[in-house]
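Some notes on the structure that comes next.
The values are calculated or read from the model by the stated rules, or taken from the named source; none is laboratory data. Predicted model, so just to flag it, every value in this text is computed and none were measured. With ideal geometry, Cβ positions are generated from the backbone for all residues, glycine too; neighbour counts draw on all protein chains shown. Heavy atoms of the whole protein, side chains included, go into the accessibility calculation; ligands, DNA and RNA do not. Shrake-Rupley method; radii C 1.70, N 1.55, O 1.52, S 1.80 Å.
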Amino acid sequence: MKYLLFFIILLDTACNKPKANQQTLQGDFIQEKITDHLYVLKSPNYNTNTGVFIGENELLLVDPMSGINNHQNLLQAIRQLSEKPIKYILNTHSHPDHSGANAFFAELGATIISHENAKYSQAKHALTFNDTFTLDMGNETIELLHITAHTFDDALIYFKNSNAVFMGDTFMTNSFPHFYYGGGSEGHIEILDKALSLGNPKTTIISAHGHLSSNKNDLTVYKENSQNWINRITELHEANKTPEEIANDQQIIHLSTIFNDGKNALSQSIIRTINKTISVDLISDVPISKNKLKHYEGLYQYENGQVDEIILEQGKLILRSEGAYIFEIVPLSQTQFHLKGQFPSKHLTFNMAKNSFVYFNGKERLTANRK
């Protein structure tokens, strides 16, 4: 009888053990098992998908943010998976809904790994990389691959043995495509193509928000819809349609519903997204030679002591400030530049005779002088 009872317990444990891609409840968190070592967690009250990888000796987390007051609950959910120490934090990008718990886990001894441009944000960072980075967890090789798309510090995170890719905000199943802070639509399509080139047809795709896991067919459809969205807005904009008129286009309305997981998007939300798409892709710039663009390079200091740096990188002018922001600035004239993706709300006006510029940040005008 004793052995029969033991067998029943073992059978029950086996039957209730989560299978791959099966969602279960882990404490207050929804959990999906991707492999025996890789899980995705999400708080019902917070929309960011968090990755948990169980290495041979330590744990690794991807975007461990589940709400400002929810870090301890997330830690408890992780501890139900494993008691191993948390060794690494990987960020797909620096936005606070992905990096906001960095400091919490760093205090527990974790090393944060992110793209080097994360230092031009408020995200806590430690170990940074430029184009690629490889991490060996004993039972897994993880590759981080950078392409400027959603932000200047995007990283695809590819678990080679687990055959899974974390996409960050370059892929969401419940929102419009967001490519307004970094590489525009060109970078958006480039990073989707790169993700589609990784692994094989059975690769699991983990979005930043929405479904806990997807597949390459889902990502292919998302890319097609993204391209159709970009093309249609471009076509209507070039036909002199206003954003309000574009928002009433039937193809745009249909795509809006698809992007928002079958839900009807508010008109204001559609118009706002159209405006951002126009701002990042369709504002005409003035050609300026590389030699002339180099004249704008340098360090500029505001009255409050903050320093902005302007550099010329791959033919583009970049405005950046450590711990604050990074933007591409695009010339509208020899003296007027707009922050890409922020037109018309943010812009710079240069006074080359005085070696200064005035930065309008959407609220106030701030003067910076070249150091």
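Per the 1.4 Å probe, what fraction of the accessible area of the chain, in percent, lies on carbon and sulfur atoms? Walk me through the intermediate numbers first.
Numbers: 8710 of 17770 Å².
The C+S portion of the solvent-accessible surface of the chain is 49 percent.
Can you work out the FRET efficiency for the pair VAL221 and GLN23, with r the C-beta to C-beta distance and R0 = 22 Å, to the nearest 0.05? Could the numbers behind the result be given before it?
Working: r = 22 Å, r/R0 = 0.98.
Approximately 0.55, to the nearest 0.05.
Under 1.5 on a/c is rounded, so check that first for region 164-214, then, if it is not, pick prolate when a/b is larger than b/c and oblate when it is not; a ≥ b ≥ c are the square roots of the alpha carbon gyration tensor eigenvalues.
On the way: a/c = 2.75, a/b = 1.28, b/c = 2.15.
In terms of gyration-tensor shape, oblate.
Taking 7 Å along the Cα-to-C-beta vector as the label spot, tell me the ASN57-LYS290 distance in nanometres, rounded to one decimal.
Inter-label distance under the simple model: 4.7 nm.
Could you work out the relative contact order of region 252-357? I mean the mean sequence separation of Cα pairs under 8 Å and 6+ apart, divided by the number of residues, in percent.
Working: 129 pairs, mean separation 19.5, N = 106.
Value for region 252-357: 18 percent.
Average projected area of the Cα convex hull of region 20-175, in nm²? Numbers along the way, then the final one.
Values: hull surface 32.9 nm².
Approximately 8.2 nm², given one-decimal rounding.
Would you work out if region 97-153 is rounded, prolate or oblate? Take a ≥ b ≥ c from the square roots of the eigenvalues of the alpha-carbon gyration tensor; rounded if a/c is under 1.5, else prolate when a/b is larger than b/c, oblate otherwise.
Working: a/c = 2.04, a/b = 1.03, b/c = 1.98.
Verdict is oblate for region 97-153.
Please check: in the Gaussian network model of the chain (C-alpha springs, under 10 Å), which one of HIS254, HIS209, HIS95 has the largest mean-square fluctuation.
HIS254
Measuring from centroid to centroid over Cα atoms, what is the spacing of region 118-172 and region 296-320 in Å?
26 Å
Could you work out the relative contact order of the chain? I mean the mean sequence separation of Cα pairs under 8 Å and 6+ apart, divided by the number of residues, in percent.
Numbers: 749 pairs, mean separation 36.4, N = 371.
It rounds to 10 percent for the chain.
Between GLU186 and ALA324, what is the label-to-label distance in nm when each label sits 7 Å out along the Cα-to-Cβ direction?
2.7 nm
Does region 296-361 come out rounded, prolate or oblate by the C-alpha gyration tensor, with a ≥ b ≥ c the root eigenvalues, rounded set by a/c under 1.5 and, if not, prolate when a/b is larger than b/c and oblate if not? If you can, show how the numbers build up before the last one.
Values: a/c = 1.25, a/b = 1.13, b/c = 1.11.
Rounded, because the longest to shortest axis ratio a/c is under 1.5.
Report the FRET efficiency, 1/(1 + (r/R0)^6), for ASN355 and ASP131, where r is their Cβ-Cβ distance and R0 is 51 Å, rounded to 0.05.
Values: r = 33 Å, r/R0 = 0.66.
Efficiency for this residue pair is about 0.95.
With the other protein chains left in place, how much accessible area per residue, in square angstrom, belongs to region 29-145 at a 1.4 angstrom probe? Numbers along the way, then the final one.
Working: 4560 Å² over 117 residues.
Per residue, region 29-145 has an accessible area of 39 Å².
If the cut-off is a Cα-Cα distance under 22 Å, which lysines reach LYS33, setting aside same-chain residues fewer than 8 apart in sequence?
LYS17, LYS19, LYS42, LYS84, LYS87, LYS160, LYS202, LYS216
I need to check one value: relative contact order of region 33-86, counting alpha carbon pairs closer than 8 Å and at least 6 residues apart, in percent.
Details: 72 pairs, mean separation 15.4, N = 54.
Once normalised by length, the contact order is 29 percent.
Under unit Cβ charges (Lys, Arg +1; Asp, Glu -1), what dipole magnitude, rounded to 20 debye, does region 38-129 have relative to its Cα centre? Walk me through the intermediate numbers first.
On the way: 6 positive and 7 negative charges, 17 e Å.
So the magnitude is around 80 debye.
What is the magnitude of the charge dipole of the chain about its Cα centre, with +1 placed on the Cβ of each Lys and Arg, -1 on the Cβ of each Asp and Glu, and no other charges, expressed in debye to the nearest 20?
Details: 32 positive and 39 negative charges, 60 e Å.
I would put it at about 280 debye.
Given +1 on the Cβ of Lys and Arg, -1 on the Cβ of Asp and Glu, and no further charges, what dipole in debye does region 262-371 carry about its Cα centre, rounded to the nearest 20?
Roughly 160 debye for region 262-371.
So for the chain, Kirkwood radius off the Cα pairs, Stokes-Einstein at 37 °C and 0.692 mPa s: how many µm² s⁻¹? Spell out each step's value before the answer.
Values: Rh = 22.3 Å.
Once the numbers are plugged in, D ends up at 147 µm²/s.
Could you point to the residue in ASN21, TYR222, SER356 farthest towards the positive end of the chain's charge dipole, with +1 and -1 charges on the Cβ of Lys/Arg and Asp/Glu respectively?
The residue sitting most towards the positive pole is SER356.
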